[in-house]
Amino acid sequence: MASSALSRIANLQRHINPAGRQASVGLVKISPVVSEALSRGKAVVALESTIISHGSQGMPYPKNLETAKEVEAIVRENGAVPATIAILDGVPCVGLSTEELERLAIMGMKAQKTARRDIAHVVATRGNGATTVSATMVFASMVGIPVFVTGGIGGVHRHGESSKLFTMDISSDLTELGRTPVAVISAGVKSILDIPRTLEYLETQGVCVAAYATNEFPAFFTDKSGCKDYQCKLIKQCTNVMKANIKFKLGTGILIAVPIPKEHSASGSLIESAIQRALEEARDKNITGNAETPFLLARVNELTGGASLASILDIALVKNNALVGAKIATALADLRICKGDVDPEQ
């Protein structure tokens, strides 16, 4: 049971965290604040670090640091403890200090973008890694953090099945959701991707997908994609789904898609037109694989005068997701304490 796993982590932390030193579960270093929150069954929200080092083709310092601090502050203001995850000097860290956040922000794109497949190499070479969705989910699940907030997730690339190379490029985010029991709070699937095929793939992986406070799956830049899935109109409904997923030991993640606030929503038609043009240019230049997404994001940003970039990085998406994610994490923690799953006095 999730509660017994959390209890074991709490007991281990009390033994290996004397005098306030940072605790570790196995080879993972957990900050004192996150360690205490987990041991007491309090709400914790995992945050990825790629947005700090690789966001917007490398959000410049100190803007990336300011953004990271602002997102963490939103999580705290809504009752949860933020746990930004990264690999520093070969050590996976869950919860970064102010100094570690700044170090990663200054490092920028020199930190390796780290997905699940990269973890072993980055650790073995004592490298520095900024975790993507998949790697962040791995470490969050490893230490018992059930909620993870990000901007958007990867998916199935458009026209992959009809390309000359038949690439069928599918993000590891989707397979991670199919095998790691963490709820991912995002603004849906990046609109440069094929949303219907992405949802079909998530169905194949057995992933429960729910749209929060909307009857349509959000399309990252806009609140509508034309695709419908399960709905969670209230925070309580989100936590009930998570509780059922844990209770039945389904072993899969949950994707909770949060629409971008209307006041920040970019023009859907403008963005879609820019995406189509960028996709055509990518095909003409034979840009495929992992080079395609950065190219498309940069080109769409140019074509829209920064409108899409403002939506992705500026914060409207990640901040709003952090708000919702913190509320979900807090409600889940309260539910566990009320049900007696966690002893608040531990």
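The values are calculated or read from the model by the stated rules, or taken from the named source; none is laboratory data. Given the structure is predicted, the values throughout are model-derived calculations rather than measurements. When we count neighbours, we look across all protein chains shown, and the Cβ atoms used for this are built from the backbone with ideal geometry, even at glycine. When the accessible area is computed, the model is the full protein with side chains, heavy atoms only, and any ligands, DNA or RNA have been set aside. Shrake-Rupley method; radii C 1.70, N 1.55, O 1.52, S 1.80 Å.
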The condition of being crowded, with 17+ Cβ neighbours inside 10 Å and modelled with pLDDT under 95 holds, among Thr180, Thr214, only for Thr214
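Every residue, every condition in (1) touching a Pro at 6+ places or on another chain (Cβ under 6 Å); (2) modelled with pLDDT of 95 or more; (3) in a loop (DSSP other than H, G, I, E, B), yes or no:
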| site | (1), (2), (3) |
| --- | --- |
| Lys224 | no, no, yes |
| Gln231 | no, no, no |
| Thr239 | no, yes, no |
| Leu250 | no, yes, yes |
| Leu255 | no, yes, no |
| Pro259 | yes, no, yes |
All-but-one check, Ile85 against (1) modelled with pLDDT of 95 or more; (2) not in a strand (DSSP E or B), failing number (2)
Is there a residue in the range 57-77 that is touching a helix residue (DSSP H, G or I) at 6+ places or on another chain (Cβ under 9 Å), surrounded by 24 or more Cβ atoms within 10 Å (Cβ to Cβ), at pLDDT 95 or above and in a loop (DSSP other than H, G, I, E, B)?
-> no
Across the range 25-47, what is the total count of residues that are touching a residue at least 60 places away in the same chain (Cβ under 8 Å) and either open to solvent by less than 20 Å² (accessible area, probe 1.4 Å) or touching a Ser or Thr at 6+ places or on another chain (Cβ under 7 Å) (or both)?
-> 13
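Right, Val182: out of contact with any Leu (no Cβ under 8 Å at 6 or more places or on another chain) and over 22 Å from Pro294 (Cβ atoms) or not? Walk me through how you get there before you give the answer.
Values: out of contact with any Leu (no Cβ under 8 Å at 6 or more places or on another chain): yes; over 22 Å from Pro294 (Cβ atoms): yes.
Yes; evaluated as a whole, the condition is true for this residue.
Which ones in the range 284-303 are assigned to a helix (DSSP H, G or I) and either of a type in the set (A, V, I, L, M) or under 21 Å from Ala115 (Cα atoms) (or both)?
Going residue by residue through the range 284-303, those that are assigned to a helix (DSSP H, G or I) are 284, 289-303.
Of everything in the range 284-303, those that are assigned to a helix (DSSP H, G or I) and either of a type in the set (A, V, I, L, M) or under 21 Å from Ala115 (Cα atoms) (or both) turn out to be Gly289, Asn290, Ala291, Glu292, Thr293, Pro294, Phe295, Leu296, Leu297, Ala298, Val300, Leu303.
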Leading residue by the ranking (nearest to Ser171 (Cα to Cα)) among those in the range 93-112 that are open to solvent by 10 Å² or more (accessible area, probe 1.4 Å) and touching a strand residue (DSSP E or B) at 6+ places or on another chain (Cβ under 6 Å) | Gln112
Determine, yes or no, whether Leu250 is in contact (Cβ under 8 Å) with a residue 40 or more places away in the chain, closer than 26 Å to Phe139 by Cα and open to solvent by 20 Å² or more (accessible area, probe 1.4 Å).
-> yes
What is the one condition in (1) among the aliphatic types (A, V, I, L, M); (2) part of a loop (DSSP other than H, G, I, E, B); (3) open to solvent by 10 Å² or more (accessible area, probe 1.4 Å) that Ala120 does not satisfy?
-> (2)
Find all pairs meeting these conditions: Cβ atoms under 8 angstrom apart; at least six residues apart or on different chains; first residue within the range 291-308 and closer than 18 Å to Ser171 by Cβ and of a type in the set (D, E, K, R); second residue in a helix (DSSP H, G or I) and at pLDDT 85 or above.
-> Glu292/Ala282
Ser3 meets each of (1) over 30 Å from Thr125 (Cβ atoms); (2) open to solvent by 10 Å² or more (accessible area, probe 1.4 Å); (3) at pLDDT 95 or above; (4) outside any loop (DSSP other than H, G, I, E, B) with one exception, condition (3)
Ala219 fails exactly one of the following numbered conditions: (1) surrounded by fewer than 23 Cβ atoms within 10 Å (Cβ to Cβ); (2) closer than 19 Å to Leu317 by Cβ; (3) modelled with pLDDT under 95. What is the number of that condition?
-> (1)
